[in-house]
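Below is one structure, written out as structure tokens, with a few remarks after it.
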Amino acid sequence: FLAHFWAFQRHGWRAERLFEMVNYSPLGAAALAGTGFPIDRQMTAAELGFAAPIPNALDATSDRSYILDALHICALVMLDLSRISQELILWSGREFAFVKLADSVTTGSSIMPQKRNPDMAELIRGRTARAVSNYQTLAGVMKALPLGYNRDTQEDKPPLFDSLRKCRDSIELVHLMLETADWQTARMAECTYGDFSTATDLADALAATGMPFRKAHEIVGQVVRGCMDRDLVLEDLDEKTLAEIAPDAPASALDRLTARASVDARNSFGGPGKRAMDEQLAQAREIYAEPGFPRIA
């Protein structure tokens with residue numbers, strides 16, 4: 001969740017920069033190259049709340065980069081919403097069963113009455129392709145246009161409106177899916193048992209004793225093979241069995257073989273260890289409480 005938090009914090013920051021990019025007035029550029037009438041573009045820009053007029057009249061009639069910026073942000077937001085959706089699709093399946101999605105964001109199967117389809121997540125995942133292609137569509141329109149106004153640029157609005165709608169609706173739906181999700185944490189913990197995922201922790205524990213990592217890597221491979229030959233998993237190891245399989249591995253390394261110990265050991269900045277996570281949560285809450293989207297140093 002925190003990984004997604006930081007991603008969307010960046011998207012918010014980008015959106016605020018987009019407002020800065022858009023906030024320049026084209027008024028007074030006329031159809032191509034300004035006018036001979038004695039107008040005051042600085043005054044009209046200020047009265048309308050713009051930061052300033054666009055300095056060059058020809059550029060003012062030609063530019064659609066701010067729309068491409070908006071389409072780019074929409075595409076980035078949709079990509080991350082799609083990644084969340086993909087996780088929910090996978091994790092709600094029977095093979096994982098890490099989460100149960102609410103009835104409000106799922107639909108019944110047409111042939112399997114017991115099945116709940118994560119249709120909202122699948123639609124977001126599919127429509128992300130539209131948001132990405134909308135950027136490509138306008139970029140394709142603009143790529144060879146000469147400066148000045150061309151009717152081709154009327155094609156800027158359909159992809160923009162489409163992406164904005166999809167982005168807004170998808171944000172609301174992902175929020176609803178997460179808000180109503182029932183997380184099966186006991187099932188998650190169960191799935192960490194016996195998957196040999198803590199083999200790296202064993203290698204780290206050996207290296208921490210001063211052993212060269214290449215030697216630690218070799219010993220861990222020996223331990224894994226020994227476990228598989230005995231139909232054991234790492235969590236089943238005791239001092240006697242470890243000594244038989246890998247005499248060079250100290251018994252103290254056994255303390256590193258659970259998923260909980262693996263997580264707790266990772267307290268580097270940004271890691272999942274309790275101390276590191278508490279620090280990250282405090283930082284996230286502080287940033288979330290601020291107005292807008294401050295840039296993260």
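A few comments on the model shown:
- Within the stretch 166-182, residues that are more than 18 Å from I73 (Cα to Cα) have Cβ atoms under 6 Å from residues that are open to solvent by 50 Å² or more (accessible area, probe 1.4 Å) and basic (K, R) in these pairs: D182/K100, counting only partners at least 6 apart in sequence or on another chain.
- Test: residue in the stretch 11-24 that is closer than 29 Å to P272 by Cβ, charged (D, E, K, R) and open to solvent by 70 Å² or more (accessible area, probe 1.4 Å): yes
- Failed condition for L58, given (1) touching a residue at least 60 places away in the same chain (Cβ under 8 Å); (2) out of contact with any Leu (no Cβ under 6 Å at 6 or more places or on another chain): (2)
- Residue under evaluation G140, criteria (1) assigned to a helix (DSSP H, G or I); (2) closer than 25 Å to E172 by Cα, criterion not met: (2)
- Long-range neighbours under 8 Å by Cβ, at least six apart or interchain, first residue touching a residue at least 60 places away in the same chain (Cβ under 8 Å) and under 19 Å from F196 (Cβ atoms) within the stretch 262-275, second small (G, A, S) and open to solvent by 60 Å² or more (accessible area, probe 1.4 Å): S262/S197
- Test: D80 is within 18 Å of S163 (Cβ to Cβ) and under 36 Å from the mean Cα position of the chain (by Cα): yes
- Which numbered condition R41 misses (of (1) in contact (Cβ under 8 Å) with a residue 24 or more places away in the chain; (2) within 25 Å of L145 (Cβ to Cβ); (3) crowded, with 17+ Cβ neighbours inside 10 Å): (1)
- Hits in the stretch 151-187 (condition: charged (D, E, K, R) and open to solvent by 50 Å² or more (accessible area, probe 1.4 Å)): R151, D152, E155, K157, R165, R168, D169, E172, E179, D182, R187
The values are calculated or read from the model by the stated rules, or taken from the named source; none is laboratory data. A quick note: this is a predicted structure, and the numbers were derived from the prediction, not measured. In this analysis, Cβ positions are derived from the backbone assuming ideal geometry, glycine residues included, and neighbour counts consider all displayed protein chains. Side chains included, ligands, DNA and RNA excluded: accessible areas come from the protein's heavy atoms. Shrake-Rupley method; radii C 1.70, N 1.55, O 1.52, S 1.80 Å.
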